[in-house]
């Protein structure tokens, strides 16, 4: 849906409506008066939607599906909310995992899967993620400071 | 066990040719004054398999909806909304659904239509996972389920009559349980190897064997009057008088209250335990939770026919008390045991509870509504109470568990079950009438 919108916008822009260079790098131009917005095209191999994608551990254990993304005030993604564990809707819990612990590179063997640098045993005891509460992010280390 | 299940019920009168019924409008062949019917083996088998396949169809909804819509990039808010609308309609539709079934002259036709609606909504899920379509499909599924549930029980009563209904409901519970288990396994495999979408195609395809099973039930053997709790002269009265005959039944509302307490205590016990199990054992949690779901199903499949027959012989109250007793013990054990394997074993109690409640509730409603012609409406009243209890339960236990920890939540649920047990003990009367005409003496609790 979103991709088709982008494509439609790209076609409009390409039809001579003063679109800037198509397929270029990210352009954050300040809002010009009534000029059409800048257009950016990301190839399907470059970028992909992540909602609903399966998350696996490095050893291939299923960790659940990515159901939400937590961003900070600057809009930077900080954590992925994963629907973890359970069987037939019983016992599954929402757990927040550090954004940096996720790897989105789809290798040739397991395409279309997000990999996380944690095991099920490490994740099992994590407190449940709840909307509008302090988020306890699992696997936060190194680059990102711990949650306040 | 199997041998018993296939036998005709023994209590009350042995099957005998119907005596000429004086002044009754009932069809001549199927029922006598004591509500005895003579279904063929073919019809009984047809009903067995019908119950089995309906359980298959209904399993496809439930947990798969949430997973499937997640893979379709639905947000949690949208999924939650659709599921809530479904359960709200499932709650509010109970009584209208019952009234509709009571008004129907052919339970088979109504059941068939409801099934077609459910299969269509499964197809809608699979083909068009967009909001307006899924929203409508969820609403239609909930409405059709409100009709299908009472329809199966009405078909059962119309087929076997009062003397056989205990054994028949026991067999229904067995086949529903097996159907659930088989469907869950098959659809789990299907969802794993193909996609969550495939589950809904399979669900829709299950319509065909379900309708074949339904067609095996011979329409001439289902007495429409008996199916609705027996036609009495009251039926020809004004609608107010007719509905009054059921609404004046104090026992029905006592039963509804007890069952609401039961579901308030029971509905969130397994989910809460599953959540605890996920926290405690990472790698094995999935297998252990699977065992926690499968074990009660197996117990229900095993003991249900026996429970149904013994309820006919001993009375209903013992089994309701047993169900609450097992629920209390389960809550206490969940609060204190930490070994995951012991927790799985405790789920045997869940099976005992489920078998007792699953059979006793429709059975007692059948007793209470006997002679009113509003059997399904009475089920709708109790069904509404079930919905209220089951809806509040997770919110309540979730809150207590967050604030005070899961052991306190389990103890709280056990406490509600104690209140339910005492209520049953104190005011829920025995409803068994032993195959004879209903008598007011039965209202005295023993």
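The values are calculated or read from the model by the stated rules, or taken from the named source; none is laboratory data. None of the values given here were measured: they were computed from a predicted structure. Cβ sites come from the backbone with ideal geometry, for glycine too, and all protein chains shown count toward neighbours.
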ask   = Tell me, which helices (runs of 4 or more DSSP H) lie completely within region B:37-139 with 1 or more residues that are over 30 Å from residue B:220 (Cα atoms) and outside the structural domain of residue B:301 (by TED's automatic domain parsing)?
value = B:41-60, B:63-71, B:76-92, B:107-127
query = Out of the residues in region A:89-104 that are out of contact with any strand residue (DSSP E or B) (no Cβ under 7 Å at 6 or more places or on another chain) and either more than 7 Å from every other protein chain (Cβ to nearest Cβ) or surrounded by fewer than 20 Cβ atoms within 10 Å (Cβ to Cβ) (or both), which is modelled with the highest pLDDT?
reply = A:100
ask   = Of the residues that sit in region B:72-88 and are without any contact (Cβ under 8 Å) to a residue 12 or more places away in the chain, within 14 Å of chain A (Cβ to nearest Cβ) and out of contact with any strand residue (DSSP E or B) (no Cβ under 9 Å at 6 or more places or on another chain), which one is surrounded by the most Cβ atoms within 10 Å (Cβ to Cβ)?
value = B:73
ask   = Inside region A:47-85, can you point out the residues that are touching a strand residue (DSSP E or B) at 6+ places or on another chain (Cβ under 9 Å) and free of Cβ contacts under 8 Å to residues at least 12 places away in the same chain?
value = A:62, A:71, A:72
task = Answer yes or no as to whether residue B:293 is more than 14 Å from chain A (Cβ to nearest Cβ) and buried (at least 19 other Cβ atoms within 10 Å of the Cβ).
result = no
request  = Give region B:315-328 a look and list any residue that's in contact (Cβ under 8 Å) with a residue 40 or more places away in the chain and not in a loop (DSSP other than H, G, I, E, B), or say none.
outcome  = B:317, B:319, B:320, B:321, B:323, B:324, B:325, B:327, B:328
ask   = Is it true that some residue in region A:122-136 is part of a strand (DSSP E or B) and either more than 10 Å from every other protein chain (Cβ to nearest Cβ) or modelled with pLDDT under 85 (or both)?
value = no
Residues (closer than 18 Å to residue A:112 by Cβ, more than 10 Å from chain B (Cβ to nearest Cβ) and within 12 Å of the chain's Cα centre (by Cα)) located in region A:46-80 = A:47, A:48, A:55, A:69, A:80
ask   = Residue check: is residue B:268 within 14 Å of chain A (Cβ to nearest Cβ) and over 25 Å from the mean Cα position of the chain (by Cα)?
value = no
Residue match in region B:405-413 (condition: more than 22 Å from the chain's Cα centre (by Cα), surrounded by 24 or more Cβ atoms within 10 Å (Cβ to Cβ), in a helix (DSSP H, G or I) and on the phi < 0 side of the Ramachandran plot) = yes
